[in-house]
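The values are calculated or read from the model by the stated rules, or taken from the named source; none is laboratory data. A quick note: this is a predicted structure, and the numbers were derived from the prediction, not measured. Cβ: placed from backbone, ideal geometry, glycine included. Neighbour counts: every protein chain shown.
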């Protein structure tokens with residue numbers, strides 16, 4: 001009799017559970033082992049489609065938008081430059097020097113990394129005062145029609161100084177607002193988006209940009225402009 005009683009109670013419990021699931025509309029989901037997530041979008045497509053964040057949350061004063069990624073590996077500013085002098089609120093620069101006031105103001109996006117890859121030989125754009133030494137990675141710069149990776153410098157990037165091994169974990173970089181993964185910022189036609197473990201910045205209308213992460217970087221050059229002129233129409237026969 002005892003085994004039968006346990007069986008009856010077990011059947012009642014199963015019936016109660018089935019009824020509860022039916023009434024509450026609960027469902028149980030399991031992971032599909034064959035599911036393959038879609039590949040990340042190319043940088044310019046990501047910049048075109050990602051939703052824009054409110055720029056007010058990222059204002060660093062002086063018409064500059066600055067952010068840092070959630071993992072604190074990349075910081076960027078959508079700002080301006082006079083020649084090689086970039087207006088960065090967290091780094092000493094000569095942007096406001098009177099001697100540079102005659103230079104045209106150009107919108108740029110500037111990013112720095114904590115850890116980074118060295119520039120490929122074809123991406124080295126400066127001979128560093130003729131020394132051909134000291135062109136290092138860790139910094140990317142976007143102008144309206146060009147993108148480059150690397151710069152001439154001695155020492156570490158500001159991001160390395162703040163968040164690298166033995167970093168201070170202090171200073172203005174640590175006060176930057178986080179740009180959430182998948183969000184976009186725009187200033188003067190240039191955009192930056194945190195995604196795919198890094199940051200993409202670009203001028204979508206010009207087709208130029210870059211993607212940077214601790215593991216890799218990619219430069220997207222502007223499409224080549226064809227110099228061929230339309231051929232003159234030949235003489236028509238009567």
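Limited to segment 176-225, what total is found for residues that are outside any strand (DSSP E or B), over 17 Å from residue 139 (Cα atoms) and within 13 Å of the chain's Cα centre (by Cα)?
So the count comes out to 6.
Quick check on my filter: what residues within segment 156-181 are within 23 Å of residue 134 (Cβ to Cβ) and touching a helix residue (DSSP H, G or I) at 6+ places or on another chain (Cβ under 7 Å)?
158, 159, 162, 167, 173
Look at segment 123-162 and say how many of its residues are outside any strand (DSSP E or B) and either exposed (fewer than 14 other Cβ atoms within 10 Å of the Cβ) or in contact with a strand residue (DSSP E or B) (Cβ under 9 Å, 6 or more places away or on another chain) (or both).
Residues that pass the stated criteria total 25.
Does segment 120-135 hold any residues that are free of Cβ contacts under 8 Å to residues at least 40 places away in the same chain and within 28 Å of residue 188 (Cα to Cα), and which are they?
124, 125, 126, listed by residue number.
Restricting attention to segment 43-58, and to residues there that are touching a residue at least 12 places away in the same chain (Cβ under 8 Å) and closer than 17 Å to residue 210 by Cβ, which single residue is surrounded by the most Cβ atoms within 10 Å (Cβ to Cβ)?
Across segment 43-58, the extreme among qualifying residues is 43.
So for segment 59-74 (the condition being loosely packed, with under 14 Cβ neighbours inside 10 Å, within 12 Å of the chain's Cα centre (by Cα), modelled with pLDDT of 95 or more and in a loop (DSSP other than H, G, I, E, B)), does at least one residue qualify?
Yes, because at least one residue in segment 59-74 is loosely packed, with under 14 Cβ neighbours inside 10 Å, within 12 Å of the chain's Cα centre (by Cα), modelled with pLDDT of 95 or more and in a loop (DSSP other than H, G, I, E, B).
Looking for something closer than 19 Å to residue 106 by Cα and modelled with pLDDT of 95 or more - is there at least one such residue anywhere in segment 153-175?
no
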